[in-house]
Structure formats: C-alpha cells, structure tokens
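S.K.: Please read through the structure below; I'll follow up with questions.
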Amino acid sequence: MSTSDTIVHLLRHGEVHNPAGVLYGRRDGFHLSDLGNRMAEKVADTIKDRDIVHLVSSPLERAQETAAPLALVRGLTPVLDERVLESTNKFEGMTFGKGRNSLRNPATWRHLWNPFRPSWGEPYDKVVARMMAAVHDAREAAAGHEAVVVSHQLPIWITRLAAEKRSYLHHPKNRQCTLCSLTSLHFVGDRLTRVAYSEPAGDLIPVGDKGAPFSAGNAPEEKRP
C-alpha cells in the first residue's frame, strides 16, 4: 500500500521482564519478557503488509527486541537513534513494585516540586524536541510511505500531547500508550495533519496493565490544576 502522504508510527516496546519492579529507565540488561516477545510478533504480523520502508529504534534492548520481528518481515535494518531513548529520571534504579514503593521515602520528595517541568527528570520540552527531530528525519526517509519508530511510553505520550497542543500535565495512569501500541503521525509534506492511535497487541495486554503503571520513565503522580 502506498499513499501520497507520509505516516510515522511511534511504536511503544513490549512488556519487559522486571520481577523486582525496578524503574529501569535507560539501564542496560532489561529485555522483553516472553509475553513482550509475543506482543512484538503480533505487531509485526498485524502491520507487515503496510507500506513501511523505514524502521528506527531506541538503542535500549527492549526497543531493539520489539523492532526485530518487524525488521524481519519487512526486510529492513533498524536505524538506532538515541533521540528516541527513554527519558532520564532521578528515580532510575529505585523499586516501585511488590510493596516497595520508593516514593514513600521522604528523601525522594524533594524531586517532586514541579510537575510541569518535571522536576524529577528530563524536561518535557527537551523530550519533545529530540523526538520530533527524529520523527521528521524518519518522515523524510519514508517520504510518501510509512516509517516506524520504536520508543518508550513517556516520550511517545509527551510527543502526542505536543502534537495535539495539549498540556503536558497529566496522571501516568491516563496515558493512552499501552504496550506495543502505535501512535501514528500523519503528514502532508512536512505538515502534521492527524494523530491516530491503535493497539495491535491489545488482546495480549494483561488486564492490570491497561492503564499506565509506574514503570520506566513514568512520572510520579501529579495533581491536576
């Protein structure tokens, strides 16, 4: 399928094997779980017949492993791009699962003073700037066709908020960016005309994960204005 427009799909990686509930952020050594690999296979099977001519991946293992099945069926070599990495986070390496929520430690509260920036991690504006630079490069590489960029939940969600001219302030559980979901940016030339969302692996997502749990890159709970 070929169109005169260009679509850049932002693909969130699949489920990660993380039994300890660590906020892994940009750390090496966190790979897809068995379910995560099934999700990646499901996405590849679902979109294999689309006009995808360019594939980009975050360098982190979980993103590369998510890109691998699609690369195989489309005959593409993923381009590793650090601009689509997970956001930095001062809580990286701490635990937030199995009853060990590090946010209960008063020593962490000093990082929570500004949810608009946010004060606990990479500024949202900086995330959007690097993500959109990568998106436009992918758009140019796939001009008139489609590209897939494998990234992470927070960068994808913040990019969508910016594209839709919405406030960055949000609750992590309200992010519409489930595991292996596609946030699709439609362009006419270099002009963004539409944002669409789909969940090719939605039937594989555990019921408890339909929202956005506190995982790598997720921000602490924020109060709405």
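The values are calculated or read from the model by the stated rules, or taken from the named source; none is laboratory data. Not measured: the values here are computed from a predicted model. Glycine also receives a Cβ, built like all others from the backbone with ideal geometry; neighbour counts cover every protein chain displayed. Please note that ligands, DNA and RNA were not included when accessible areas were found on the heavy atoms of the full protein model with its side chains. Shrake-Rupley method; radii C 1.70, N 1.55, O 1.52, S 1.80 Å.
S.K.: About the Cα centre of the stretch 1-50, how large is the charge dipole given +1 on each Lys and Arg Cβ and -1 on each Asp and Glu Cβ? Please answer in debye to the nearest 20. All intermediate terms of the calculation are to be shown ahead of the outcome.
M.R.: Working: 7 positive and 7 negative charges, 28 e Å.
Computed about the Cα centre, the dipole is about 140 debye.
S.K.: On to the next question. Between beta-carbons, use under 9 Å as the cut-off and find the net charge around Val195, counting Lys and Arg +1, Asp and Glu -1.
M.R.: On the way: positive: Arg160, Arg194; negative: Glu164.
Once positives and negatives cancel, what remains is +1.
S.K.: Where a ≥ b ≥ c are the square roots of the eigenvalues of the C-alpha gyration tensor, would you call the stretch 35-86 rounded, which needs a/c under 1.5, or, failing that, prolate if a/b is larger than b/c, or oblate?
M.R.: Details: a/c = 2.29, a/b = 1.24, b/c = 1.84.
Since a/c reaches 1.5 but b/c is at least a/b, the shape of the stretch 35-86 is classed as oblate.
S.K.: Okay, next question. Tell me, what % of the accessible area of the stretch 1-93 is carbon and sulfur with a 1.4 angstrom probe? Before the final figure, lay out the partial values.
M.R.: On the way: 1970 of 4090 Å².
Solvent-exposed carbon and sulfur of the stretch 1-93 make up 48 percent of the total.
S.K.: Charges only on Cβ, +1 for Lys and Arg, -1 for Asp and Glu: so what's the dipole of the stretch 2-84 about the Cα centre, in debye to the nearest 20? Each step should come with its number before you reach the end.
M.R.: Values: 10 positive and 12 negative charges, 24 e Å.
So the magnitude is around 120 debye.
S.K.: How much length would be gained if the chain were fully extended between Val79 and Ser167, taking 0.36 nm per residue of separation minus their Cα-Cα distance, in nm to one decimal?
M.R.: On the way: separation 88, 0.36 × 88 = 31.68 nm, distance 3.08 nm.
Going from the current span to full extension adds 28.6 nm.
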